[in-house]
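Below is one structure, written out as structure tokens; the observations come after it.
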Amino acid sequence: PLYQVVVYPEASEKPPVGEGLNKRAVYTMEGVYPKDKRTGQYLVDARSVQAFKVQLQKKADLLGARMLSYDSQRGLWSIELPHF
């Protein structure tokens, strides 16, 4: 699923870059683990984890974000978002 956060629904309410919430932000998601689509089991082998990291990088790129890190042991994925 695609999730969306709208910070300023009206363009006229958006402050200048660097003010208000119109700044870069680091967003860290918890519980982000690779799963087998058929069984729903978590995948922990190195090959699956590496392939999952590649998928996360692609998702960050689609969001226009910069991937900062992925901790497969803790399921933490951090990205830096540009200003809104």
Computed curve, the chain, Cα-only Debye sum without solvent term, log₁₀ I(q)/I(0) at 0.14 Å⁻¹, is -0.58
Given the pairs K14/K53; K14/K59; K37/K58, which are separated by over 23 angstrom at their Cα positions?
K14/K53; K14/K59
Test of the criteria: in the chain, which GluC sites (Glu not before Pro) are in a DSSP loop and have at most 15 other Cβ atoms within 10 angstrom of their Cβ?
E10, E19, E30
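Between Y3 and T28, what length in nm is gained on full extension when 0.36 nm per residue of separation is reduced by their alpha carbon distance?
Values: separation 25, 0.36 × 25 = 9.00 nm, distance 1.44 nm.
Working it through step by step, the gained length comes to 7.6 nm.
Gain in length, D36 to L68, computed as 0.36 nm per residue apart minus the alpha-carbon separation, to one decimal in nm?
Numbers: separation 32, 0.36 × 32 = 11.52 nm, distance 2.47 nm.
Additional length available on full extension: 9.1 nm.
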Rounded to whole Å and sorted largest first, list the principal axis extents of the Cα atoms in the range 41-84.
36, 18, 15
Kindly provide the helix-only [θ] at 222 nm of the chain, computed as the sum of -39,500 (n - 2.57) over DSSP H runs of four or more divided by all residues, to the nearest 500 deg cm²/dmol?
-7500 deg cm²/dmol
³J(HN,Hα), Karplus 6.51/-1.76/1.60, whole Hz, each residue of the range 63-76, x for Gly, Pro
7, x, 9, 10, 6, 8, 6, 9, 9, 5, 6, 9, x, 9
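Every read-out reported here was derived from the displayed coordinates using simple, explicitly stated rules and does not represent laboratory data. This structure is a prediction, so every number in the text was calculated from the model and none was measured. All Cβ positions, glycine included, derive from the backbone under ideal geometry; neighbour counts span all protein chains shown.
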